[in-house]
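This report refers to the structure that appears directly beneath it.
No lab work stands behind these numbers, since they all come straight from the coordinates. In this text the structure is predicted, and so the values were computed from the model without any measurement. Don't worry about glycine lacking a Cβ; one is built from the backbone with ideal geometry, like all the others, and counts go over all protein chains shown.
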Amino acid sequence: MTTNLQTQPDPRVPAPAPALEVRSLVKHYPGVKALDGVDLVVRQHEVLGLAGENGAGKSTLLKALVGLVRPDGGEIWVRGEKVRLRSVVDAADHGIGMVFQEQSLVPNLTAAENIVLGSEGPGVRRGIYRWSTMRRLAQEQLDKIGSHIDPLARTDTLTFADRQMVEIAKVLRIEERTSHPPVIILDEPTSVLESKEIETLFTQVRRLREFASVVFVSHRLDEVLDVCDRVAVLRGGRSVGEVPAADAAPADLHRMMIGSTGSDDHYHGGAGERPDEASRPRLVVRGLSGKSFRDVDLDVHAGEIVGIVGVHGSGREDVCRALFGAEPTTAGEVVLDGEKLDLSGTRAACAAGVGYVPAERKTEGMVGPMSVADNMTLTKQQSRCTGPLVRPRKQATLVDRWIERLSIRTPHRGTAIQSLSGGNQQKVVLARWLVAGDVRLLLLDHPTRGLDVGARSEVYRLMRELADSGVATVLLADSLEEAIGMSDRIIVMSDGRATTQVAAPAGGKPTPLDLVKEMV
Amino acid sequence: MTTTSPADADREVVHAGRPRPRRGISLSDAGPPIALVVIFGVFAVLSPDFRTVSNVQNVLDAAAVLAVVTCGISFVLMMGSIDLSAPGIMGASAIAVALLVANNRNDNDFGLFGVAVAVLLGAALGCLSGLALVVLKVPSFMTTLGVSAVGLGVATLMFAGVQPNVTDPMLEGWAVERFLGLAHLTWIAVACVLVGALVQRYSRLGRYAFAIGGAEEVLGLSGVRVAPYKVAVFTMAGAFYGLAGVLVTSQLGAGLVQAGRGYDFSAITAAVVGGTLLSGGRGGILHSVVGVLLVTVLTNGLVQVGVSPYWQGGVQGLIVVAAVAAAVLPQRRRNQVTK
Amino acid sequence: MSAPVLTTPAPDAVVPGRPTVGQRLTSFMPVIALVVLLAALTVADPGFLTLSSLTAAVRTSAPLVVLAAGATLVVLCGGIDLSIAALCSLATVFFALWLPDLGGLTTFAIIAATGAIGALQGVAHVLFRIPSFIVTLGGMSIFSAIALVISDAGPVRVVDRDATNWLTLYVGGVVPMAFVVALVLVAAVSLVLRLTPLESWIRATGYSESAARLAGAPVDRVKIAAFTVSGACAGLAAVMLVSRNFSGSPTMADNLLLPAVAAIVVGGTAITGGHGSLWRSLAGALVVTLLRVGLPIVGVPSAYEQILYGAIIVAAVALTLDRSKVLIIK
């Protein structure tokens, strides 16, 4: 990667003021400090890498830079001038543009229209389109990045990589609004690209440097080091340092990202005896295939927590949903305690003793306006009924017992769950599977997402307790160290296949780097 | 790079580019025209009365009003919204025009000006739906249901218990006088279709309506305020319904409150059958015209082969459900939310 | 590194536990409207607040209450049933045609048949994932067509009036039987919902369909059941209409669609699903009926009735809509 740098013209033209500067930026969300005093400097004509674990505050920072999130404190300076960014348009007026992670193009318009969308200029006169002008404007943008896409092709007929070029061309339109070199933010631009396409993208990024500053965000550290001049690292909503890309190795960056507690075992708490590996596994998955995963084999013993790790697009979420009957499968067999598991729907899974905690708690995990009690007994209706009839007193006793047992902080069992804090909401969602005492397999999809440290550790404790009581658990963790800390065994998934299995017993944990090697 | 100078902008004309259709012909684009040809062929074989020139003229004349209504509703559907206001708006404009041109109820004789006022009334009612949608954030199927009721109320008020019969020779002439074998009404409908197609292809309003259906949130991220465009689309749709109400009055020779009865559903059917997705972002005026012809040929053909005309609505109901199902089924997911 | 990169630390918007003033107001809206209307009508015409005119108003409202109550279930699940009025018209024709053969069983046959038709719509909605308003809009025009064809587009007279006579009786000499039936229906359905897990399932489906499905609630079956009850209610309303008009007609109930939708939303049931109840729709139906009979009393031409329906539908939906759920309103 250093060789690459040397072939480029020296980008660091001395400049009086940085292109963009962030000073102790703060953003609170209820219960979470997403940004806790971030400092960041983007020099002119440089490619700055931004690295950090999930939850480190990258997304919030980027959103603040393009006016999608209003910070609670701190300052943003553009070329030595303090600015307030209220909207995407505001940011664009200051020369800041972002290529969004999930592509933000209108699929049924032409590439040209997308490129000039919202700033058509001479392309539209008195509400009437001038297609030839539009085409020319778009062509100029595409020429800047040397792309050969037909501007009049419909966007949804283009390949993903071409669409990304269109987005970059679109972002470069902000040059029309300002006479200064723009700042272009690329958020995870490589996550869905093939390696050849990535190479093309990198060529573009280096080309961009000649007339713009670039902020490059990626979870692939080798890429970050490859294409960037300098890398800044965020952790827990703070800037923890920056390194020149030329002197750094992925391991250095990773160490900065996860901090000193990385391979700590503290999540385990008082984990006692390990499950008997020799016994027959409670869950046996053989050759499970679906739209985004193929030939997945998986064994989970009673009392065992098995973590599945993998990058975005590895298909692990879909495997998890498939086991719960919420995602169709094309082949494979799943056996739970010796009986074939019916994957045709969620009801069958619930009846068989499978529980699922979805990642999107607010939209999929809970029914916000309904009470804590009704959310808790939503699945296991039999636990509050006698025959077909609901017994309010039975429900009250049961719910109150679980509120106490999980120390859920709620004014009353009749309170709407949406007025609880995230951690307590998640405990109610977990309790839903426990009230009947018949859950045999728990599928946890990012169970600690969006929770603060205290709530996290309570969820960890609960998971461990459940495992110790014999529940088999599949965990899709929020971060690598969470997966390592919590799991007894870790399955690495990559491109829809389970590639490796790593044992992670207490006292013999793998390091995050061991896993990263397998994931990418 | 600097901003393009106006001189550059004026130097267009070189090669007038147009949005290129999708590469290759997909089934959803080619399906409706093929179906039209097939159905036409089947009826032509089945019924000797169907395959006469005069019947083809009949079909085209019968399609005129529906085509105008469908022009309006297509833009709304393109945005992913729905519009049930056609019956109300058409009723209001039908009575309004009957009372404004020469008629038996009063001494008005405003001619074309009266027609324009009726169309404007339609536009105003359409604007009301749009405003309720963007200001009150009420889903369009509710606002347009409400506006339809308002339109019917306005019509009933103007109707006042006595049917206004049109004596204006111009308006009466539209339905009977022919040019190149087709009634003037039909030519008006053709003009509407052309205007609609031009708006869709060359105006910001049309393109943005299309984009709103494709990815509304992206427009917001690009700094486009969509609300004014939504209101404008509903207003334009209202104007089309207003004109359709005028055309119905011309056909009947009198203003009726029920002038637009059933047209909302027929128009949705035509648009959907023509390949417009209810979720928005696909289809267009020309697609819808094929749908209008399909629906009209089917209606006419069934009558010609001896099916009771009362079945008309039922057949439309079946095909719209089938067409929507056919469009939705391939994208069906588990755990999909359908309201 | 490991997790999908979507991870924004999900903002934990803590919703205040106490209802806002607007929420309080809308939750009492139907009752307030009812009282205000009664008061206003009494002021306008002191003779209005008599037993006979109230009895007449209540009697007129019965079919509307039944229609609205059934459709409320569908709305609670987050859908809409636009076919109720057309199905009700069709059922009046069926009733008139079947009565000579089935006699006393006709009422049950009608309710069973319309329930089955409703179920069919529910199945089409759930199985093909077609939006409910399209299924029922299609249903509406299909039912109208069938009714027109089998009745030959005209009213079918009912000669045997004994079969519906019971509905025209008065309980205790004052309360019309039809209204009592409507009340019993609302009470019975509400009770069944309250006493079984059904209410939980329906609300969960309406508030958040995907959460309900992932919690293992029988979402599809609940929806089909809602459409079935909605259809059956249309049948019962048809029997009530026939008992009053002594005939069946293919357009008899068509003008009840708007009042029924108005009754539901005026009652405060959210069109987005989850929030609301059958009792609310009962109150809403009474409000709508009072408006209808009250307008002429205060000297407003009945032509304004339609405009009023339109306005109150939009206004009531605007007040009760759960905007947190839908970010983009189409």
Give, as a single signed number, the net charge of other residues whose beta carbon lies under 12 Å from the beta carbon of C:Ser190, with Lys and Arg counted +1 and Asp and Glu -1. +1
Could you state the orientation-averaged shadow area of the convex hull built on the Cα atoms of the stretch A:385-433, in nm² to one decimal? 3.6
Dividing the alpha-carbon radius of gyration of the protein assembly as shown by 2.2 N^0.38 Å, where N counts its residues, gives 1.01
Kindly provide the Kirkwood hydrodynamic radius of the stretch B:200-339 in Å, to one decimal, from all pairs of distinct alpha carbon atoms. 17.3
Hull volume per residue for the stretch C:99-166, using the convex hull of the C-alpha atoms, in Å³ is 108
Using the alpha carbon gyration tensor of the stretch A:407-504, what are the three equivalent-ellipsoid semi-axes (square root of 5 times each eigenvalue), largest first, in whole Å? 27, 15, 12
Where does each of A:472-483, A:500-511, A:133-144 land if you order them by average Cβ count within 10 Å, highest first? A:472-483, A:133-144, A:500-511
Projected onto the charge dipole of chain A (+1 at Lys/Arg Cβ, -1 at Asp/Glu Cβ, origin at the Cα centre), which of A:Pro189, A:Val429, A:Met134 gives the Cα projection farthest towards the positive end? A:Val429
For the stretch A:177-246, rounded, prolate or oblate, judged on the Cα gyration tensor with a ≥ b ≥ c (square roots of eigenvalues), a/c < 1.5 rounded, else prolate if a/b > b/c? oblate
Please identify, among C:Val174, C:Val123, C:Val93, the residue showing maximal mean-square fluctuation in a Gaussian network model of chain C using a 10 angstrom Cα cutoff. C:Val174
In the neighbourhood of C:Phe143 defined by beta carbon distances under 13 Å, the net charge of the other residues (Lys, Arg +1; Asp, Glu -1) is -2
How would you rank C:Asp160, C:Asp220, A:Asp187, going from fewest to most other Cβ atoms within 10 Å of each one's own Cβ? C:Asp160, C:Asp220, A:Asp187
Most exposed first by the Cβ proxy, i.e. fewest other Cβ within 10 Å, how do B:Trp174, B:Trp311 rank? B:Trp311, B:Trp174
Taking only the C-alpha atoms, wrap a convex hull around chain A and report its volume per residue in Å³ as a whole number. 170
Most mobile listed residue (C:Gly118, C:Gly299, C:Gly78) in chain C, GNM with C-alpha springs under 10 Å: C:Gly299
With 10 angstrom as the radius, rank B:Ile285, A:Ile115 by how many other C-beta atoms surround their C-beta, starting from the fewest. B:Ile285, A:Ile115
Taking the inverse of the average 1/r across all pairs of different Cα atoms in chain B, what Kirkwood radius in Å do you get? 20.9
I need the Kirkwood Rh of the stretch C:152-210: take the reciprocal of the average 1/r across all distinct C-alpha pairs and report it in angstrom. 14.9
Interatomic Cα distance distribution for the stretch C:232-274, bins of 10 angstrom, percent: 24, 44, 24, 7
Which trypsin sites (Lys or Arg not before Pro) in the stretch A:377-427 sit in a loop by DSSP (not H, G, I, E or B) and have at most 13 other Cβ atoms within 10 Å of their own Cβ? A:Arg409
Do you know the relative contact order of chain A, to the nearest whole percent, from alpha carbon pairs under 8 angstrom that are 6+ apart? 15
Which of these, C:Gly138, C:Gly115, C:Gly274, has the largest mean-square fluctuation under a Gaussian network model of chain C (Cα springs below 10 Å)? C:Gly138
Taking the 0 to 90 degree range and rounding to the nearest ten, how far is the long axis of helix C:198-207 tilted relative to the main principal axis of chain C, both from C-alpha atoms? 60
Restricted to the protein assembly as shown, the DSSP antiparallel beta bridge percent, nearest 5, is 60
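In terms of the ratio Rg/(2.2 N^0.38 Å) built on C-alpha atoms, what value belongs to the stretch C:55-253? Write out the running numbers ahead of the final one.
Working: Rg = 17.1 Å, N = 199, 2.2 N^0.38 = 16.4 Å.
Taking N as the residue count of the stretch C:55-253, the ratio is 1.04.
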Semi-axes in Å, largest first, for the stretch A:275-425 (Cα gyration tensor, √(5λ)) are 32, 18, 16
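As an exercise, use a Förster radius of 56 Å and the Cβ-Cβ distance of A:Arg207 and A:Ala331 to find the FRET efficiency, rounded to the nearest 0.05.
Given R0 = 56 Å and the Cβ-Cβ separation, E is 0.80.
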Principal axis lengths of the stretch B:124-274 from Cα atoms, whole Å, largest first? 54, 39, 25
Compactness check, the stretch A:106-176: C-alpha Rg relative to the 2.2 N^0.38 Å globular estimate gives 0.99
